[in-house]
1. For GLY68, work out the one condition from (1) farther than 25 Å from VAL190 by Cβ; (2) over 26 Å from the mean Cα position of the chain (by Cα); (3) loosely packed, with under 13 Cβ neighbours inside 10 Å it doesn't fulfil.
2. Please identify the pairs in which a residue from the stretch 154-173 that is modelled with pLDDT under 75 has its Cβ atom under 6 Å from the Cβ atom of a residue that is of a type in the set (D, E, K, R) and part of a helix (DSSP H, G or I), counting only partners at least 6 apart or on another chain.
3. So for the stretch 186-203 (the condition being out of contact with any His (no Cβ under 7 Å at 6 or more places or on another chain), basic (Lys, Arg) and not in a helix (DSSP H, G or I)), does at least one residue qualify?
4. Taking the stretch 37-67 as the search range and keeping residues that are among the small types (Gly, Ala, Ser) and assigned to a helix (DSSP H, G or I), which one is nearest to PHE78 (Cα to Cα)?
5. Mind checking which pairs have a first residue in the stretch 57-84 that is within 22 Å of TYR95 (Cα to Cα) and a second that is outside any helix (DSSP H, G or I) and not hydroxyl-bearing (Ser, Thr, Tyr), Cβ under 9 Å, 6 or more apart or different chains?
Amino acid sequence: MKKILPIIIACATGLTILAGYFFQDRLAPILGLLINWGIVLVGLAGLIGIAYLVRMHIFRIAHRQKGGFYSVIVLLAFLFTLIAGLILTPQNAFYRDWVLNIQTPVEASLLAVLSVTLLYASLYLVRTRGWTPMSVGFLVGALVSLILNLAVFQFQPGSRGEVWALVLRRLPLAGLRGILIGMALGGLIVGLRVLLAVDRPYEGE
């Protein structure tokens, strides 16, 4: 019974949410309730993750481990952001601008590191697997995307160069859509396996 009950709950929940997309008028209240429960559980999981990170940094500082100085900075920034958010609330314009002025440069820096990492990965791929069509295509695509996004070359509006540059800039979007489609298909397969009780992630070891 202990093994059957979680399977019944998981399958019933999954089938109810799936049916809610086809019968939205009838199942809208139930679907909204289940989604709200999921949001609450995700929020609790986030709080547990934050508490774990805070505990890890406090442990590092208390035991004077390597990187303790950075842990102090992380904790101070976390406490300042938390207190400011509780006092000013996220609806405050100053608080939103302050967070965005920190978050946007950090995201830009991470994207810059990611682009350099992809370029290095393409060079490593060429070195390990040789000059294959896939490795050469990956390397050339990464170089062309970096050069075009740096705006080194300027094209006249309406010229063929501008048209080709626009086409080349859109090629990474095709790869991104392919990745998203793959993620969607993967999520669909995982969902079907859970509904059919082939995979049971809710069971303990």
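1. GLY68 satisfies all of (1) farther than 25 Å from VAL190 by Cβ; (2) over 26 Å from the mean Cα position of the chain (by Cα); (3) loosely packed, with under 13 Cβ neighbours inside 10 Å except (3).
2. Short answer, once both residue conditions are applied: PHE155/GLU162.
3. yes
4. So, considering only residues that are among the small types (Gly, Ala, Ser) and assigned to a helix (DSSP H, G or I), the one nearest to PHE78 (Cα to Cα) is ALA51.
5. So the pair list comes out as ALA84/ASN92.
Conditions (1) surrounded by 11 or more Cβ atoms within 10 Å (Cβ to Cβ); (2) within 24 Å of the chain's Cα centre (by Cα); (3) modelled with pLDDT of 90 or more; (4) not aromatic (Phe, Trp, Tyr), marked per residue:
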site	(1), (2), (3), (4)
LYS2	no, no, no, yes
THR13	yes, no, no, yes
GLN24	no, no, no, yes
TRP37	yes, yes, no, no
LEU44	no, yes, yes, yes
ILE48	no, yes, yes, yes
ILE61	yes, no, no, yes
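The values are calculated or read from the model by the stated rules, or taken from the named source; none is laboratory data. What you are looking at is a predicted structure, and each value in this text was computed from that prediction instead of being measured. Here the Cβ is made from the backbone with ideal geometry for all residues, glycine too, and neighbour counts use every protein chain on show.
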